[in-house]
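Structure first, commentary second.
The values are calculated or read from the model by the stated rules, or taken from the named source; none is laboratory data. Keep in mind it's a predicted model, so treat the numbers as computed, not measured. Because the Cβ atoms are built from the backbone with ideal geometry, glycine has one as well, and the counts that use them run over all protein chains shown. Protein only, heavy atoms only, side chains kept; ligands, DNA and RNA dropped before computing areas. Shrake-Rupley method; radii C 1.70, N 1.55, O 1.52, S 1.80 Å.
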Amino acid sequence: MNGAYQPALLMLAPLLAEHETRLAERFVLVRAYDADARQALLAERPERFAALVTNGVQGVPPLLMAALPKLSLIAVNGVGVDAIDLEQARLRGIRVSTTDDILTDAVADQAVALLLALLRQVCLADRFVRAGHWRQGGFPRLGTSLRGQRVGIIGLGRIGTAIAERLRPFGVELAYHNRRALAGCEHTYHDDPRSLAAASDILLVAAAGGAGSRHLVDAQVLEALGAEGVLVNVARGSVVDEDELVARLSDGRLGGAALDVFADEPRVPEALLALDNVVLQPHLGSATLQTRRAMADHVVRVVLGG
Ligand code: 8YV
């Protein structure tokens, strides 16, 4: 559209370059990835924006949403809507689109990868080899078998169910906690996360974030999981009381944790960095090329009105 009028599209998070190129054929892309850039763009005709692209973590700051009078579409490159003021969107008739089921497999794969990495000490042993310690003697600690473990899943939605399907062939016992029991579900239901944790060796968090699930995994749940228990979180850092988690991992009241998500990303509590009983990832649940391509394809389709 050389020279012709092009509407503006607000980008609060990037897409893959190939997808941004497709969007740039129809829109002037205005990128605002940090608070300063967002503040600056409000001074420049905020009524330009009828649509914006964001991701699950960035969401849309409520004040920014309020300052965009013509906004009618929020296209989320992800499934999480916990960082979006859905009530404001509803009242203003703003459509919020997500990538639905597209990332389910990738996040479920990541959960299993993290769990095995933790139990089999993959990252720790890798550090051992790189540091040259093997020449002084074999790896000093045995790992833990997954077979026979009791796995409790907090949040048996699409991703939680995909995790359960992957774990079944490993010969684990599966149980779950949701607000309500799922009709026809074969796994044991616990109406309270504490009782699930008490009956689990491994607690796996796959619940949606937001006010409703904030600190669902609190001190009592972690206490019930106990010194031999391990926590895996691929959902949102906010679902777990992170201070409690860090304190218990540090003094041995909790056995270990594999974490893809944190309460205040990209800040990771300093104390975790020195611990051997944790596996830490920079929020990579959906981060495969195939998945991110499929997610971005969907976002482009939605923004272009397909
Ligand atoms: C990514 C996620 O953070 O979908 C989500 O809610 O947390 C992740 O897939 C992100 O949205 C990828 O763009």
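Some notes on this structure:
- Considering only residues in the stretch 126-146 that are over 30 Å from Gly171 (Cβ atoms) and over 32 Å from the mean Cα position of the chain (by Cα), the one that is least open to solvent (accessible area, probe 1.4 Å) turns out to be Gly132.
- When every residue of the stretch 213-229 is checked against the conditions, none turns out to be free of Cβ contacts under 8 Å to residues at least 40 places away in the same chain, closer than 26 Å to Ala125 by Cα, surrounded by 21 or more Cβ atoms within 10 Å (Cβ to Cβ) and within 16 Å of the ligand (Cβ to nearest atom).
- Of all the residues in the stretch 99-125, those that are in contact (Cβ under 8 Å) with a residue 40 or more places away in the chain, closer than 29 Å to Val278 by Cα and within 16 Å of the ligand (Cβ to nearest atom) number 12.
- Residue list for the stretch 252-271, filter: within 14 Å of the ligand (Cβ to nearest atom) and surrounded by 15 or more Cβ atoms within 10 Å (Cβ to Cβ): Leu259, Asp260, Val261, Phe262, Ala263
- When the test is whether a residue is closer than 27 Å to Ala162 by Cβ and either free of Cβ contacts under 8 Å to residues at least 60 places away in the same chain or in a loop (DSSP other than H, G, I, E, B) (or both), Ser250 does not pass it.
- Flag for Leu245 being part of a loop (DSSP other than H, G, I, E, B), farther than 20 Å from Ala287 by Cβ and open to solvent by less than 30 Å² (accessible area, probe 1.4 Å): no
- Of everything in the stretch 283-306 that is assigned to a loop (DSSP other than H, G, I, E, B) and near the ligand (Cβ under 9 Å from one of its atoms), the residue that is farthest from the chain's Cα centre (by Cα) is Ala287.
- The helices (runs of 4 or more DSSP H) located wholly in the stretch 18-98 include none with 3 or more residues which are under 18 Å from the mean Cα position of the chain (by Cα), within 16 Å of the ligand (Cβ to nearest atom) and exposed (fewer than 14 other Cβ atoms within 10 Å of the Cβ).
- Of all residues making up the stretch 176-198, the number that are of a type in the set (D, E, K, R) and surrounded by 16 or more Cβ atoms within 10 Å (Cβ to Cβ): 1
- Residues of the stretch 177-208 that turn out to be under 20 Å from Leu116 (Cβ atoms) and outside any loop (DSSP other than H, G, I, E, B), as a count: 4
- Filter result (over 12 Å from the mean Cα position of the chain (by Cα) and open to solvent by 50 Å² or more (accessible area, probe 1.4 Å)) within the stretch 272-282: Leu273, Ala274, Asp276, Leu280
- All conditions in (1) touching a Ser or Thr at 6+ places or on another chain (Cβ under 8 Å); (2) under 30 Å from Leu52 (Cβ atoms) hold for Leu275, with the sole exception of (2).
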